[in-house]
Amino acid sequence: MFKQKYICSLDLGAREIKAGIFSISVDGDFQWECTHAQTIHGFKEGYVSDLGEFSECIYQAVYAVSKKTGIKIKEIILGLNGNMVTGRNINAAISLVEKGRKVIMQRDIRLITKQARLLGTHMDEDIIHDIPQFYKVDDDQLVSNPQGLCGRKLEVKALILGAQADRLSSITKAVNQAGFDVEDMVLSAYTAETMLLTEEQKNRGCVLIDIGATVSSFLIFKGGCLQYYTTLAQGGGGFTYSIAQKLNFSFDVAEEIKKSYASVTSMSSYHKEEILIKKDQSYIPIKREVIDHSLEEEICLFEKSIQEALVASGLQEEISEGIFMTGGGALLPGLIDRLDQHMPFSVQLGKIKRGVPQEIQDVALFVPVAGVAYYGLRKNMFGVESVTNQSAHWFKRSMHYVGDLYEEYF
């Protein structure tokens, strides 16, 4: 039995790549070993734009954490950003027997899961996650786990998250070219919930919004699992672009202004404060209220997108625990308070529940890469099959088959 298992994860953002090495002990103690962030190159709008450049970028990110920890990396688990993944709800059904009733076995559950995957996959897609939301036995009995029950018909409602196969192939090729194997690919925003949400919050109903650079991922949990997923058109980069466009600065300067001076607060005394911003060879004075006003239109659009997503989900009445925010954009001063005032639910910044590190700065920015790692470690420990690497689990599938035969005849 191992005492400590290590894993390396990468979070592929629109503007940054984040790497991390994490560990978990046999008793489930999750530890942050090392994290690293750098500008991403050769990867634009969810596509590999330069294979060699992107591969080198991956190598540098993994090498940075490997060197700091002294841990040799062979495999990595990849976290995909929201603009790469689409979600759709699927209903599938199978007949268990023509006459009478039978005991539902694990084989039947795998069969209907396979049916849902086939119905929910487009020709050019690979499935990242298939998430059963509930099962129905004989058209009227709703259950979370039908194994052991008796019936003639089994149905499932599942949420399928997929990504374009050619994108994933190009990413895998870049990782291989960097000298590593891909253990699995996951949606970063989905696995981030393992760092931020409790089982009670997911059971009672809550929203998780991960503000990325170009889009924000919007997820609703209820009954312990993900019930709804979509993306919002606004992201942290949009906030920056709004400052750059309205105040006539370059994107890089606008990013520094956003991080250092921008806010969504309504404090009048704060707005009168004047700051100096370097432009070309001189400094120009700008009042903070001018900076904040340049964000107003984009913030209003963000609020509207959240409200529209809540309505589109049809789950507004199912949310009891409010909205949790994460991602770099969530750190914009005053944003959480403003959303809390304007939304029908409480809004708060997500707090890390597992292995909170003491020495890592800006820890909130590394929540997705930590969630990706914890998801991978948990699957490895408890024998859950990888969605994107199922061929490696031939022994487990053989044991499933033997178990099914035993259930059937004994």
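Please go through the stretch 1-54 and give me each residue that is of a type in the set (Ser, Thr, Tyr) and closer than 24 Å to Asp362 by Cβ, ordered by number. Spell out the reasoning first.
Restricting attention to the stretch 1-54, the residues satisfying the condition of being of a type in the set (Ser, Thr, Tyr) are 6, 9, 23, 25, 35, 39, 47, 49.
Once the filter is applied, which keeps residues that are of a type in the set (Ser, Thr, Tyr) and closer than 24 Å to Asp362 by Cβ, the stretch 1-54 yields Tyr6, Ser9, Ser23, Thr35, Thr39.
I need the full set of residues from the stretch 323-339 which are β-branched (Val, Ile, Thr) and part of a helix (DSSP H, G or I), in order please. Talk me through it step by step, then tell me what you get.
First pass over the stretch 323-339, keeping only residues β-branched (Val, Ile, Thr): 323, 326, 336.
Scanning the stretch 323-339 gives a single hit, Ile336.
Of the conditions (1) touching a helix residue (DSSP H, G or I) at 6+ places or on another chain (Cβ under 8 Å); (2) outside any loop (DSSP other than H, G, I, E, B); (3) modelled with pLDDT under 95, Ala19 clears all except one; give me its number.
(3)
With respect to Gln115, is the statement that it is assigned to a strand (DSSP E or B), out of contact with any Phe, Trp or Tyr (no Cβ under 9 Å at 6 or more places or on another chain) and farther than 15 Å from Ile171 by Cβ true? First the steps, then the outcome.
Working: assigned to a strand (DSSP E or B): no; out of contact with any Phe, Trp or Tyr (no Cβ under 9 Å at 6 or more places or on another chain): yes; farther than 15 Å from Ile171 by Cβ: yes.
Against the criterion (assigned to a strand (DSSP E or B), out of contact with any Phe, Trp or Tyr (no Cβ under 9 Å at 6 or more places or on another chain) and farther than 15 Å from Ile171 by Cβ), Gln115 does not qualify.
Helices (runs of 4 or more DSSP H) wholly in the stretch 128-246 with at least 2 residues that are touching a Lys or Arg at 6+ places or on another chain (Cβ under 8 Å) - which ones?
Details: elements: 165-177, 188-191, 193-196, 199-204.
In the stretch 128-246, 193-196, 199-204 are the helices (runs of 4 or more DSSP H) which contain 2 or more residues that are touching a Lys or Arg at 6+ places or on another chain (Cβ under 8 Å).
Does Glu317 satisfy the criteria of being in the same structural domain as Lys272 (by TED's automatic domain parsing), surrounded by fewer than 21 Cβ atoms within 10 Å (Cβ to Cβ) and more than 13 Å from Ser216 (Cβ to Cβ)?
Working: in the same structural domain as Lys272 (by TED's automatic domain parsing): yes; surrounded by fewer than 21 Cβ atoms within 10 Å (Cβ to Cβ): yes; more than 13 Å from Ser216 (Cβ to Cβ): yes.
Judged against the criteria, Glu317 is a match.
Output the residues belonging to the stretch 362-397 that are modelled with pLDDT under 50 and assigned to a loop (DSSP other than H, G, I, E, B).
Of the residues in the stretch 362-397, the ones modelled with pLDDT under 50 are 383-397.
Gly383, Val384, Glu385, Ser386, Val387, Thr388, Asn389 - these are the residues of the stretch 362-397 that are modelled with pLDDT under 50 and assigned to a loop (DSSP other than H, G, I, E, B).
Only residues that are in a helix (DSSP H, G or I), aliphatic (A, V, I, L, M) and over 30 Å from Phe134 (Cβ atoms): list them for the stretch 38-95, please.
First, pick out the residues of the stretch 38-95 that are in a helix (DSSP H, G or I): 51-69, 82-84.
Those still in the list that are aliphatic (A, V, I, L, M) too: 51, 58, 61-62, 64-65, 84.
Selection gives Leu51, Ile58, Ala61, Val62, Ala64, Val65.
Looking only at the stretch 110-137, count how many residues are among the β-branched types (Val, Ile, Thr), surrounded by fewer than 18 Cβ atoms within 10 Å (Cβ to Cβ) and either over 10 Å from Ile160 (Cβ atoms) or free of Cβ contacts under 8 Å to residues at least 40 places away in the same chain (or both).
Number of matching residues: 1.
Between residues in the stretch 65-90 that are surrounded by 17 or more Cβ atoms within 10 Å (Cβ to Cβ) and residues that are among the aromatic types (Phe, Trp, Tyr), which pairs lie under 7 Å by C-beta distance while being six or more apart or on different chains?
Final answer for the pair search is Ile73/Phe180; Ile76/Phe180; Gly87/Tyr229.
Of Ser305, Ser294, Ser320, which residue is in a loop (DSSP other than H, G, I, E, B) and in contact (Cβ under 8 Å) with a residue 40 or more places away in the chain?
Working: Ser305 fails: in a loop (DSSP other than H, G, I, E, B); Ser294 fails: in a loop (DSSP other than H, G, I, E, B).
Among Ser305, Ser294, Ser320, only Ser320 is in a loop (DSSP other than H, G, I, E, B) and in contact (Cβ under 8 Å) with a residue 40 or more places away in the chain.
Just checking, which of Val186, Val215, Val143 is over 20 Å from the mean Cα position of the chain (by Cα), closer than 26 Å to Glu318 by Cβ and β-branched (Val, Ile, Thr)? Walk me through how you get there before you give the answer.
Numbers: Val186 fails: over 20 Å from the mean Cα position of the chain (by Cα); Val215 fails: over 20 Å from the mean Cα position of the chain (by Cα).
On inspection, the qualifying residue turns out to be Val143.
Kindly list the number of the only condition in (1) out of contact with any Pro (no Cβ under 6 Å at 6 or more places or on another chain); (2) hydroxyl-bearing (Ser, Thr, Tyr); (3) buried (at least 18 other Cβ atoms within 10 Å of the Cβ) that fails for Tyr241.
The one condition Tyr241 does not meet is (3).
Could you say whether any residue in the stretch 277-285 is part of a helix (DSSP H, G or I) and out of contact with any Pro (no Cβ under 8 Å at 6 or more places or on another chain)? Give the derivation first.
Kept after step one, since they are part of a helix (DSSP H, G or I), are these residues of the stretch 277-285: none.
Looking for residues that are part of a helix (DSSP H, G or I) and out of contact with any Pro (no Cβ under 8 Å at 6 or more places or on another chain), one finds none in the stretch 277-285, hence no.
Which residue, of Gly82, Gly100, Gly52, is small (Gly, Ala, Ser) and in contact with a strand residue (DSSP E or B) (Cβ under 9 Å, 6 or more places away or on another chain)? Reasoning before the result, please.
Details: Gly100 fails: in contact with a strand residue (DSSP E or B) (Cβ under 9 Å, 6 or more places away or on another chain); Gly52 fails: in contact with a strand residue (DSSP E or B) (Cβ under 9 Å, 6 or more places away or on another chain).
Result: Gly82 is the single residue among Gly82, Gly100, Gly52 that is small (Gly, Ala, Ser) and in contact with a strand residue (DSSP E or B) (Cβ under 9 Å, 6 or more places away or on another chain).
The values are calculated or read from the model by the stated rules, or taken from the named source; none is laboratory data. Since we're looking at a predicted model, the values are computed, not measured. No Cβ is skipped: glycine too gets one built from the backbone with ideal geometry, and neighbour counts run over all protein chains shown.
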